[in-house]
Amino acid sequence: EIEAIPVQKTRQRKLEEFQKKLGTLTFLDPACGSGNFLTETYLSLRRLENDILRILSGGQIAFGSLEYSPIQVSISQFYGIEINDFAVTVAKTALWIAESQMLKETEDIILMNLDFLPLKTNAYIVEGNALRLDWESVVPKYKLNYIMGNPPFVGYKFQSASQKEDIKNVAGEFANYGTLDYVAAWYIKAAKYMVGTNLTTAFVSTNSIAQGEHVASLWKPLFAMGIQIVFARRTFRWDSEASLKAHVHCVIVGFTGGNFSGARHLWSESGKVAEVSYVNGYLLDAPDIFIEKRSKPWRTDTPIAQKGNAAMDNGFLVVTGVEAREIAAKDPVAARFLKRHMSADDFLNGTEHYCIWLKDANPSDYQKSKEIMRRIKAVQDYRNSSNRAATKKMAAYPMLFAEVRQPDTNYIMLPVISSERRRYVPIAYLTPDVINSYASISISNATLYHFGVLTSNVHNAWMRALCGRLKSDYRYSTTIVYNNFPWPTPTVAQQAKIEQTAQAILDTRTRYPGSSLAALYDEVAMPPELRKAHQDNDRAVMQAYGFSVKDMTESKCVAELMKMYQKLVESK
C-alpha cells in the first residue's frame, strides 16, 4: 500500500493517513502463548510506520510542528488470551521490550528523543481458557480487525477429559465434533464470533483439519454459517527449534465471515502461491464438495476393498521368518499350518513374517502340535486379560485371528500407511495363501484394468487430496478414498490400453528381483524404465477420463474428479 502511493503533492497527506490507519488496526490471538504472533505483528507494523516516518522526515528534524504524534502504532492495539499465567506475563513483557526496541529505531529516524518510561501503554493479555471465555469481554468485535495464532495441536485420541469438554462446549451442535482435532475448536469459536462481520482470521494448525472425514465435520457447518476461506497454505513441515527438533505437519488457513470479493490465494506444498477462484475445505481450488464416508463403492462392478486380517495375538500367532523356520524344524505338524503373513512393512521393505493360520483347519490335526496348542492357549489368556469387550469375546476363538477377512482369490494389496515422498503408493498382486495384515487393504477380483487405474497418478492425486495423514505420510481409507473414487468410463480400446500399461509396470518390476517396493518407488532412485512405465499408464488413464495430458495439473485433476463425485451424489 505504501508503494502504491504516488509521488505527487498529496503524497505526504496520504502517507500520514496510511500511518493513522496502521494505528487503528486491532489484533487478537486467542491462544497467544508467550506472545510471538502478537510481538512479530507489532514489530512488522512499526517497521512499516518507520518507513513512512523515514520518507516524511527526509533525515530532518521536522516533527516539532506536526499536529499528530510521530508514533501511531501502539501495543494497546494487541489482545491475547492465554491459559498459562506465566506465559501471560512473558507475552506482556515481550510486547514492552518490542515497544522499547522500535522506539529507539524511530528516534534514529526522526532525530528526536522520545520518552518510554514510565510505561504509558498496556498490552491486553488476558489469562483464561479461550474456549470457555467470551471473546467479546476481551475485545469487542466492532473494534477488532484480525484474529490469528497457532492454537494447541492435540488429536482427538489424545485429548484429556477437560479438552473433550472444551470442544463439546464450543461445537456440541456439530455432528461428529468428538472426532475433531483440538485446534478445530478455535476455528469454530472464531467463526461464531466473526460471522456477519468483515473480520479475518488466520490460524496455523495441524493438517488434519483439511483431510479425510474432518473436512466434512468441520468445514461443512462453517461454510453453512457463511464462512469463506480467502487464503491457505497447504501442508508444510514446521520444525521446532527445541533441542529434540520435533516437527509437526501444518496448514495455514485464512477465513472471513463477511462478504469477500477480493483475490483468493493458495500456497502449494512446495511453497508456490497462485491466485485462485475459490478455496474449499480440502484447501483446493475446487467447489464446496464434502467427501463423506461410504460403506461401498459407487459402482456395483467395482471390486470391494477391505482392511486386512487383525491378529490381536500378542505375538503368538504371527512370528518372524527365523521363528517360523525354528517351529517347522522341531514340529512338522505345526509346519503344515504356517503361512506367509504380509504386514505393510513386509510388503514395502521385503521383511519376512509368517503366521499360524487355522481357519477351516481340523482340530484333530493341529491338536497334535504341542507348539500350536501352547500358542493358542497364550492367545486365549491374552485376550481374556483385555479391558476391551470385543477382545474378550474373541478369547473363545483363540485359534483364529480376531478379525478374518482373507480373500479366497488373487488380490491387490495396498498399504494403509505410505510415505508422502512417493509419487505412487506401491500396490501389488498377492495370492490367497498370503495372509495380509490389518495395516493393509485387500482388493479382491481386481483386474489389470483396476490395477492400472489404482496405480495411476489420477488415483494417487485423489488419494493425496482426501486421505488422512500420519505425520505427513499418507493414510489410505477405504470409506473416504476408495469407495468415493469416481472411476472412468473407458472405451474398449482405452480399457485395453490401461491393461497393457498396467502389465508393463508389473513386467518392469520383475527386472529388479533384489529390490523391495520401497526401493523401487523411492522418488530419487526409481528406475527410469519403471518411471516411464508409470508415465505411460498415467497417460492411458487420463485419456480414459478425457483429461488433457499436456496441461492437467494435479489440482485441476482433483477438481475435475470432485465434479464427477458431485454428479454421482446428485444421481443417487
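Dipole orientation for region 516-572: of the candidates Q566, P528, A518, Q566 has the Cα lying most toward the positive pole (charges on Cβ; Lys, Arg +1; Asp, Glu -1). Taking every alpha-carbon pair under 8 Å whose residues sit at least 6 apart, region 463-572 reaches a relative contact order of 30 percent. With the simple model of a label 7 Å out from the Cα in the direction of the Cβ, S364 to K572 spans 4.9 nm.
Between D301 and E165, the modelled labels are 5.7 nm apart [label points 7 Å from Cα along Cα→Cβ].
Net charge dipole, region 313-387: roughly 300 debye, given to the nearest 20, about the Cα centre with Cβ charges of +1 for Lys and Arg and -1 for Asp and Glu. Each residue of region 10-27 was assigned a 3J(HN,Hα) from its phi angle through the Karplus expression (A = 6.51, B = -1.76, C = 1.60, θ = phi - 60°), giving 8, 4, 4, 4, 5, 5, 5, 5, 5, 4, 5, 4, 4, x, 9, 5, 10, 10 Hz with x at Gly and Pro.
Quote the FRET efficiency, to the nearest 0.05, computed for K157 versus I55 with a Förster distance R0 of 56 Å and r equal to the Cβ-Cβ distance. Mind showing how you got there, number by number?
Numbers: r = 54 Å, r/R0 = 0.97.
The value I calculate is 0.55.
Over 20 Å apart at the Cα level, from the set K293/K572; K272/K532; K359/K393; K220/K293; K307/K563, are K272/K532; K307/K563. Amide H to amide H, with H built 1.01 Å from N, M342 comes under 5 Å of I435, N436, S437, counting only residues 5 or more places away or on other chains.
For region 486-572, GluC sites (Glu not before Pro) are listed when DSSP marks them as loop and at most 13 other Cβ atoms sit within 10 Å of their Cβ; the list is E523. Our summary gives the chain a relative contact order of 10 percent, counting only alpha carbon pairs under 8 angstrom and 6 or more residues apart. Take every pair of alpha-carbon atoms less than 8 Å apart whose residues are at least six positions apart; their mean separation over the length of region 357-472 yields a relative contact order of 20 percent.
When Lys and Arg each count +1 and Asp and Glu each count -1, what net charge do the other residues less than 13 Å away from K563, Cβ to Cβ, add up to?
Result for the local shell: -2.
Rounded to the nearest 20 debye, what is the charge dipole size of region 279-338 about its Cα centre when +1 sits on each Lys and Arg Cβ and -1 on each Asp and Glu Cβ? Could you put the intermediate results ahead of the total?
Values: 8 positive and 8 negative charges, 52 e Å.
Using Cβ point charges on Lys, Arg, Asp and Glu, region 279-338 gives about 260 debye.
Grab the beta carbon distance between T409 and T351, set R0 = 22 Å, and tell me the FRET efficiency rounded to 0.05. My answer for the efficiency is 0.30. Sorting M373, M552 by solvent-accessible area of protein heavy atoms yields M373, M552, largest first, with a 1.4 Å probe. Toward the positive end of the charge dipole of the chain, with +1 on the Cβ of Lys and Arg and -1 on the Cβ of Asp and Glu, the farthest Cα among G212, V322, I125 is that of V322. For the chain, the Kirkwood hydrodynamic radius from C-alpha pairs, put into Stokes-Einstein at 37 °C and a viscosity of 0.692 mPa s, yields a diffusion coefficient of 118 µm² per second.
Just to confirm my numbers, what's the Cα centroid distance between region 452-489 and region 1-40 in Å? Here the answer is 44 Å between Cα centres. Between region 514-572 and region 290-337, what is the C-alpha centre distance in whole Å? Centre-to-centre (Cα) distance: 29 Å.
Using the crude model of +1 on Lys and Arg Cβ and -1 on Asp and Glu Cβ, and no other charge, please compute the dipole size for the chain relative to its Cα centre, in debye to 20. All intermediate terms of the calculation are to be shown ahead of the outcome.
Numbers: 66 positive and 59 negative charges, 275 e Å.
The dipole magnitude comes to about 1320 debye.
In this simple spin-label approximation, S261 and Y512 carry label points 7 Å from Cα along the Cα→Cβ vector, and these lie 5.5 nm apart. Gain on full extension, evaluated as 0.36 nm per residue between K141 and D551 minus their Cα-Cα distance, stands at 143.1 nm.
Only loop residues by DSSP count here, and only those with at most 14 other Cβ atoms within 10 Å; note down the trypsin sites (Lys or Arg not before Pro) in region 526-571 that meet that. Don't skip to the end; give the middle numbers.
Values: sites: R531, K532, R539, K550, K556, K563, K567; in loops: K550.
Filter output for region 526-571: K550.
The GluC sites (Glu not before Pro) found in region 182-278 that occupy coil by DSSP, while having at most 11 further C-beta atoms within 10 Å, are E241. For K92, the lysines whose Cα comes closer than 28 Å to its Cα, not counting residues fewer than 8 places off in the same chain, are K20, K21, K104, K120, K141, K143, K189, K192, K245. Ranking A305, L348, A274 by Cα position along the charge dipole of the chain, where only Lys, Arg, Asp and Glu carry charges on their C-beta atoms, puts A305 farthest toward the positive end. Computed from the Cβ-Cβ distance with R0 of 56 Å, the FRET efficiency linking E269 to A328 stands at 0.70. Comparing Cα centroids, region 415-448 and region 372-392 end up 28 angstrom apart.
The values are calculated or read from the model by the stated rules, or taken from the named source; none is laboratory data. These numbers were taken from a predicted model, which means no experiment stands behind them. Virtual Cβ from ideal backbone geometry, glycine too; neighbours counted across all protein chains shown. These area figures cover heavy atoms from the full protein model, side chains too; ligands, DNA and RNA do not enter into them. Shrake-Rupley method; radii C 1.70, N 1.55, O 1.52, S 1.80 Å.
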